[in-house]
Amino acid sequence: MRILVIEDDHKIANAIKRGLEQESFAVDVAYEGSDGLGSALTINYDLVILDRMLPGADGMDICQTLRAEKSQVPILMLTAKDKIRDRVEGLNAGADDYLTKPFAFEELLARVRALLRRPSQTTQNTLAVRDITLNTLTFEVERQQKQIKLSGKEYALLEYMMRNPNRILTKDDIITHVWDYDADVLPNTVEVYIGYLRNKIDKPFSRSQPLIETVRGFGYKLASHENQRD
């Protein structure tokens with residue numbers, strides 16, 4: 001999952017980036033409001049962490065602009081203002097959650113995970129598609145009661161696909177949500193990681209139909225139902 005952090009305090013922004021990357025998120029950072037707004041309008045992020053007081057464009061204006069442009073991206077607003085009136089203003093501007101500074105990273109992470117949950121696909125902190133489960137807190141992946149060890153990028157790819165079951169995901173979709181802006185992604189990188197993932201979640205379970213399907217000319221999808229066999 002790919003997150004945009006718009007925060008002018010370089011120390012805070014970089015600390016958030018490092019912490020989220022350790023949790024297998026892809027993270028881009030913008031230190032000015034106008035740069036952040038431009039990125040948020042052009043890239044399909046899974047979540048935006050937005051400081052309220054910013055040079056170039058105020059956080060409230062950014063939030064209102066995104067909503068006016070029909071963006072449904074979850075927004076977590078950060079601010080040193082802790083009065084109830086300030087929180088209400090942020091939420092009314094279109095923010096989905098509000099976190100006051102200073103904050104513990106553990107709380108920010110919990111709020112990020114809460115905003116990324118989709119009730120139709122999750123039970124608490126667990127994603128489940130057919131017989132594979134992924135725990136977003138412990139990073140444990142199991143299929144048919146067998147634990148599967150994944151690298152950080154393999155985990156991020158699987159989480160993205162499990163959050164979008166039955167949806168055809170193009171290579172561009174996958175690159176956008178699994179790798180950050182600074183990543184050196186070659187044309188066949190997605191194919192390579194899809195291959196890695198298949199070797200771990202499909203090939204060892206040859207008696208079951210594969211979870212990952214290739215849709216020729218379009219991309220890949222994680223099938224939530226097995227096709228009927230003759």
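For segment 22-33, a tally of residues being part of a helix (DSSP H, G or I) and surrounded by 15 or more Cβ atoms within 10 Å (Cβ to Cβ) returns 1. Summed over segment 136-195, residues that are within 23 Å of H225 (Cβ to Cβ) and small (G, A, S) total 0.
Residues checked against (1) under 20 Å from I49 (Cβ atoms); (2) in the same structural domain as D97 (by TED's automatic domain parsing); (3) at pLDDT below 95; (4) out of contact with any helix residue (DSSP H, G or I) (no Cβ under 7 Å at 6 or more places or on another chain):
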| position | (1), (2), (3), (4) |
| --- | --- |
| N135 | no, no, yes, yes |
| T138 | no, no, yes, yes |
| Q145 | no, no, yes, yes |
| K149 | no, no, no, yes |
| E154 | no, no, no, no |
| N166 | no, no, yes, yes |
| D172 | no, no, yes, yes |
| I175 | no, no, yes, no |
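In segment 6-25, the residues that are within 18 Å of R113 (Cα to Cα) and not assigned by TED's automatic domain parsing to the domain that holds E106 never reach a residue that is surrounded by 15 or more Cβ atoms within 10 Å (Cβ to Cβ) and of a type in the set (A, V, I, L, M) with C-beta atoms less than 8 angstrom apart, at least six apart or across chains. For the criterion of being among the small types (G, A, S), under 14 Å from the mean Cα position of the chain (by Cα) and modelled with pLDDT of 85 or more, G94 fails.
Listed here are the residues, each with its yes/no results for (1) surrounded by 17 or more Cβ atoms within 10 Å (Cβ to Cβ); (2) in a loop (DSSP other than H, G, I, E, B); (3) in the same structural domain as I43 (by TED's automatic domain parsing); (4) at pLDDT below 95.
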{"residue": "L157", "(1), (2), (3), (4)": "yes, no, no, no"}
{"residue": "D180", "(1), (2), (3), (4)": "yes, yes, no, yes"}
{"residue": "L186", "(1), (2), (3), (4)": "no, yes, no, yes"}
{"residue": "I194", "(1), (2), (3), (4)": "yes, no, no, no"}
{"residue": "N199", "(1), (2), (3), (4)": "no, no, no, no"}
{"residue": "R207", "(1), (2), (3), (4)": "no, yes, no, yes"}
{"residue": "D230", "(1), (2), (3), (4)": "no, yes, no, yes"}
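Annotation note: of V48, V112, V88, the sole residue that is part of a helix (DSSP H, G or I), closer than 20 Å to D9 by Cα and of a type in the set (V, I, T) is V112. Determine which member of the set L78, L54 is assigned to a strand (DSSP E or B) and crowded, with 22+ Cβ neighbours inside 10 Å. Just one listed residue meets the conditions, L78. Checked against the criterion of being in a helix (DSSP H, G or I) and of a type outside the set (A, V, I, L, M, F, W, C), segment 209-224 contains not a single residue that satisfies it. Take the conditions among the aromatic types (F, W, Y), touching a strand residue (DSSP E or B) at 6+ places or on another chain (Cβ under 6 Å) and either over 13 Å from I3 (Cβ atoms) or assigned by TED's automatic domain parsing to the domain that holds Y181 (or both) and apply them to Y45. Does it pass? Here the answer is no, as Y45 does not meet what is asked.
The values are calculated or read from the model by the stated rules, or taken from the named source; none is laboratory data. What you are looking at is a predicted structure, and each value in this text was computed from that prediction instead of being measured. In this analysis, Cβ positions are derived from the backbone assuming ideal geometry, glycine residues included, and neighbour counts consider all displayed protein chains.
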